[in-house]
Amino acid sequence: MTRKILTGIAGILVALLIGALIMLAEGYRPLATYAALFQFSLFGLSPLATTLKNSVPLILTGLSASIAFASGPVNLGQPGQLAMGALAATLGGLFLHLPAGLEIPLLALLAMAGGALWSGLAALLRIAFAMSEFIVTLMLNMIADFFTAWIIAFPLLDPKAFSPMTRQIDRAGWLGEMGGFSGSVLFMAAAVAMSWFVFRRWRAGYEWRISGQNSLFARLGGCNIDRNFVSVMLFTGALAGLAGGLVVMGGPHRFLKGLGANYAWDGVMIAIVAGSGLIATLLYGLFFSAIQTGSLGMELITDVPSEIAQVLQAVLVLVIVAGREFVRTALDRAEARRQARERAA
Amino acid sequence: MTVLIGILNGMISGATPILLAALGGAFTYHAGMFNIAMEGMMLAGAFGGVMGSFFLHSWPAGILCAILASLVMALIFILFSVVLRTDEFVTGIALNLFAVGATTYLLRQTFHVKGVFAGPGIVAIPKVAIPLVDRIPLVGQILSGHNLLVYAAVLATLATSYLVFSTRFGLRLRAAGYNAACLDSSGVSTTRIRIHALLLCGVFCGLAGAFLSLGYVTLFAENMSAGRGWISLAAIILVSGNPWGIALISLIFGLFDGLGLLLQGSGIASQFTSMVPYIATLAALYVYSIRKKGRA
């Protein structure tokens, strides 16, 4: 645990250093840039609230990827599941008109169902036809992308809009702000807490984790591998779908072009950096969100384009992951050498 | 008849980038690596191609820069997965995202545009008419007049097949995948073989990228590889890395790609026609799994 934290912090420092070198090479001032980056994401109530709000889709898709990777299924379908979740929530918001106390939870549930439907399709193809979920989920991402693009361009197009988007959802489905903090943060916190509980404390989560670590052992121990596979896919799909629903309900209140942005892939990246740990996913998600949120403000007061955030993120991932693996092999090697020496003596 | 020729020509140009990338991936597949970085290498290649062609005003320079950009990605992959022994899957995913981020950033930095860079300054790779063949009616229209890289892809298929199955390097390559410990104990470094395989993959993906940005279209768009790297990965898995099998699968995908383009004229929404290659991939996976079940 301590080693994980130490390599994480060291990795972040090295990555920021590499980022600084890139900026120097481009002729920017790294210190001033980083100062602006964190000034606009962490210092003050309003930047912090924005960072938290932006972290919602990152953390939820990251959690989805973390739980999937740690349990075995290579679910890389978060982008598609997020889009389908957002679509389901939008559909609900357009055609259901209930009081807010019912509408909001219902839309969240619909979003989860939308995401689970899309991941469930991949699970079905895997169980019934042994089609690798890895490629299937990737292909379903593209299909969901085009499908939602069609929905918002034709059947649900807002006639008053200049670019493809739906009408706004019922006002009862809007997630308001509480003390400057978006209501979607509450949903995220609940989802994180529940995921942690299911994954770490429930029997189902135990079976998932064991199946992920050693599928043969899990089967001999009496776990139903297929059933666990399906339930993990449904659970992680629902998480990614919820991310999409919350983006719609807390943000533009409609499905518009480019809604999913790069959230889901960033989420996958976060899961990878976090080594599929749930708490680590939460922390790295907040950190990545801080970088993304701050980069927009940074662009305003420095010349550095906000796209540097994407470069910084990828460098972070590579450096932290490689550092972690490198330390592990180095320690293993030292241990092996020590044992060899003991045996020789 | 013109429709048929249109479909066939669409098929050939749709197949080329997938074929080139998949041939590159075939080397790493045979070397026993789980290389999923073709997508990122191709994207980097596409960007490098536009850079080289625009600033050096020539398409050969564009191709060269495309290969160099893709090789940079391959070198990063080597550094992380072979030298530092990071998980290949993780490295691949991170590298793909790095390619998207870096090209988007560089697009903004060098050309000061967001999304798409197109301009008359980009020199496209020329189309080549094959002498004699282009005089034959019908056959000439189908076989001749394609982009130079289309013919390069055909040669690449031949070369890959020869390299993998008929040379000492190919034997070692397959040994690295079949039994790495055995290869190491016979005095050949598996690490070195894998590095060579990745470099070859970089070159091929660079060519695929150059075809995307200087042949298929003459522009660079954010994330323009659009999942072709993943489709090429599927193609490799479907035929267990056999170059001729890859060529066949790529042509089938190209056919659906071309059909999608053709259907756009018929009133079906373009979003659905764009889905076709991805659905075709799912269908191919389905057929593959059914066949495998039948054999077992």
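Values for this structure:
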| quantity | calculated |
| --- | --- |
| From A:Arg227, A:Arg324, A:Arg254, A:Arg333, residue being at pLDDT 85 or above and not assigned by TED's automatic domain parsing to the domain that holds A:Met188 | A:Arg333 |
| Among (1) away from chain B (no Cβ under 14 Å); (2) touching a Lys or Arg at 6+ places or on another chain (Cβ under 8 Å); (3) at positive phi; (4) not β-branched (Val, Ile, Thr), the one test that A:Phe229 misses | (3) |
| Residues being surrounded by fewer than 24 Cβ atoms within 10 Å (Cβ to Cβ) and within 12 Å of the chain's Cα centre (by Cα) - total across the stretch A:220-260 | 0 |
| Residues of the stretch A:7-37 satisfying the condition of being at pLDDT below 85, part of a helix (DSSP H, G or I) and more than 17 Å from A:Leu318 (Cβ to Cβ) | A:Glu26 |
| Residue match in the stretch B:67-87 (condition: within 19 Å of the chain's Cα centre (by Cα), on the phi < 0 side of the Ramachandran plot, within 11 Å of another protein chain (Cβ to nearest Cβ) and in contact (Cβ under 8 Å) with a residue 12 or more places away in the chain) | yes |
| B:Asp184 vs. criteria over 30 Å from B:Phe80 (Cβ atoms) and among the acidic types (Asp, Glu) | no |
| Selection count, the stretch A:112-157, where residues are within 11 Å of chain B (Cβ to nearest Cβ), closer than 19 Å to A:Asp226 by Cβ and touching a Gly at 6+ places or on another chain (Cβ under 7 Å) | 2 |
| Enumeration of residues in the stretch B:173-190 that are loosely packed, with under 14 Cβ neighbours inside 10 Å and part of a helix (DSSP H, G or I) | B:Tyr178, B:Ala181, B:Cys182, B:Ser185 |
| Matching entry among A:Val317, A:Val268 (being at the interface with another protein chain (Cβ under 10 Å from one of its Cβ atoms), without any contact (Cβ under 8 Å) to a residue 60 or more places away in the chain, β-branched (Val, Ile, Thr) and buried (at least 23 other Cβ atoms within 10 Å of the Cβ)) | A:Val317 |
| Complete set of residues in the stretch A:254-265 that are over 16 Å from A:Val56 (Cβ atoms) and either away from chain B (no Cβ under 11 Å) or hydroxyl-bearing (Ser, Thr, Tyr) (or both) | A:Arg254, A:Phe255, A:Leu256, A:Lys257 |
| Residue satisfying all of: in the stretch A:197-219; touching a residue at least 40 places away in the same chain (Cβ under 8 Å) and polar (S, T, N, Q); surrounded by the fewest Cβ atoms within 10 Å (Cβ to Cβ) among these | A:Ser215 |
| Leading residue by the ranking (farthest from B:Ser13 (Cα to Cα)) among those in the stretch B:114-128 that are without any contact (Cβ under 8 Å) to a residue 40 or more places away in the chain and either assigned to a helix (DSSP H, G or I) or within 24 Å of the chain's Cα centre (by Cα) (or both) | B:Val128 |
| Test result for A:Arg167, away from chain B (no Cβ under 14 Å), surrounded by fewer than 21 Cβ atoms within 10 Å (Cβ to Cβ) and touching an Asp or Glu at 6+ places or on another chain (Cβ under 6 Å) | yes |
| So A:Leu121, is it out of contact with any Cys (no Cβ under 9 Å at 6 or more places or on another chain), aliphatic (A, V, I, L, M) and surrounded by fewer than 24 Cβ atoms within 10 Å (Cβ to Cβ) | yes |
| Residue list for the stretch B:146-176, filter: in contact with a Cys (Cβ under 9 Å, 6 or more places away or on another chain) and charged (D, E, K, R) | none |
| Search result, residues across the stretch A:38-63 that are among the small types (Gly, Ala, Ser), within 19 Å of A:Ile270 (Cβ to Cβ) and not in a helix (DSSP H, G or I) | A:Ser41 |
| Residue in the stretch A:291-303 that is farthest from the other protein chains (Cβ to nearest Cβ), counting only those that are over 16 Å from A:Asn262 (Cβ atoms) and surrounded by 23 or more Cβ atoms within 10 Å (Cβ to Cβ) | A:Gly294 |
| Test for A:Asp303: is it outside any loop (DSSP other than H, G, I, E, B) and not hydrophobic (A, V, I, L, M, F, W, C) | no |
| Out of B:Ser225, B:Ser232, sole residue that is touching a residue at least 40 places away in the same chain (Cβ under 8 Å), within 14 Å of chain A (Cβ to nearest Cβ) and part of a helix (DSSP H, G or I) | B:Ser232 |
| Matching option when the condition is in contact (Cβ under 8 Å) with a residue 60 or more places away in the chain, under 18 Å from A:Ala86 (Cβ atoms), in contact with a strand residue (DSSP E or B) (Cβ under 7 Å, 6 or more places away or on another chain) and among the small types (Gly, Ala, Ser), among A:Gly250, A:Gly260 | A:Gly250 |
| Sole residue being hydrophobic (A, V, I, L, M, F, W, C), farther than 17 Å from A:Ala264 by Cβ and in contact with an Asp or Glu (Cβ under 6 Å, 6 or more places away or on another chain), chosen from A:Ile104, A:Ile127 | A:Ile127 |
| Scope the stretch B:194-234; condition of a type in the set (Val, Ile, Thr) and crowded, with 24+ Cβ neighbours inside 10 Å; matching residues | B:Ile231 |
| Qualifying residue in the stretch B:129-139 (condition: within 14 Å of chain A (Cβ to nearest Cβ), in contact (Cβ under 8 Å) with a residue 60 or more places away in the chain, of a type in the set (A, V, I, L, M, F, W, C) and over 21 Å from B:Thr28 (Cβ atoms)) | no |
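Residue by residue, here is whether (1) surrounded by fewer than 24 Cβ atoms within 10 Å (Cβ to Cβ); (2) without any contact (Cβ under 8 Å) to a residue 40 or more places away in the chain holds:
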| site | (1), (2) |
| --- | --- |
| A:Leu48 | yes, yes |
| A:Leu52 | yes, no |
| A:Pro57 | no, no |
| A:Thr61 | no, no |
| A:Gln81 | no, no |
| A:His97 | yes, no |
| A:Leu107 | no, no |
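The values are calculated or read from the model by the stated rules, or taken from the named source; none is laboratory data. Everything quoted here is computed from the prediction, not taken from an experiment. With ideal geometry, Cβ positions are generated from the backbone for all residues, glycine too; neighbour counts draw on all protein chains shown.
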